[in-house]
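Let me begin by presenting the structure, written as structure tokens, before commenting on it.
Read the figures in this text as sums done on the coordinates, not as results from a lab. Remember, it's a predicted structure, so these values are computed and weren't measured experimentally. Quick reminder, even Gly has a Cβ in these numbers, built from the backbone with ideal geometry, and neighbours come from all protein chains shown.
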Amino acid sequence: MIMVSPAPDTEKPVFHTIPVQLTEAQFEQFILPHLSLPKRGPHCKIGYHRVFNYILTVLYTGMQWKQLPVIKDAAGQAEIHYTVVYKLFARWADDGSLKRAFIASVAHLEQEQQLSLSILHGDGTNTVAKKGAMASATRDINTNAARRSWRSRTTTASSSRP
């Protein structure tokens with residue numbers, strides 16, 4: 001929830017929910033100036049506004065990228081593959097574009113006196129899932145015991161009869 005300053009005739013603050021979709025005008029005003037875009041080569045066919053809304057959908061719902069509900073045309077073809085959306089998200093997260101957009105939007109809300117930091121809560125973590133528990137084991141766990149091969153206690157017998 002984002003707290004907006006109280007209306008002039010009331011004492012209670014007005015609350016707005018976190019946006020999960022942006023209009024094209026909102027995107028161009030608040031987000032687009034902070035995103036890194038390719039200087040040459042092909043640009044996104046469906047527009048970065050739609051891609052950003054797909055990213056917001058994944059972040060808001062917590063769904064897996066491959067389950068992203070992408071709009072399909074009459075022939076059943078998706079307008080964009082989910083991996084393209086993920087690659088743009090990863091690029092913008094790595095180069096600081098999303099961080100710059102977030103900082104600028106908070107600064108804008110502060111300038112408009114529509115932000116109360118007393119109730120602002122955020123979780124901006126990106127947790128990468130790692131394959132294999134042995135590779136990511138903590139120091140508390142003795143992983144050598146699991147890797148050590150034990151000597152067989154079975155005795156073998158052989159015969160040398162002609």
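Numerical summary
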item: Neighbour-count order for W92, W65, fewest beta carbons within 10 angstrom listed first; result: W65, W92
item: Net charge over other residues, Cβ less than 12 angstrom from the Cβ of S36 (K, R count +1; D, E count -1); result: +2
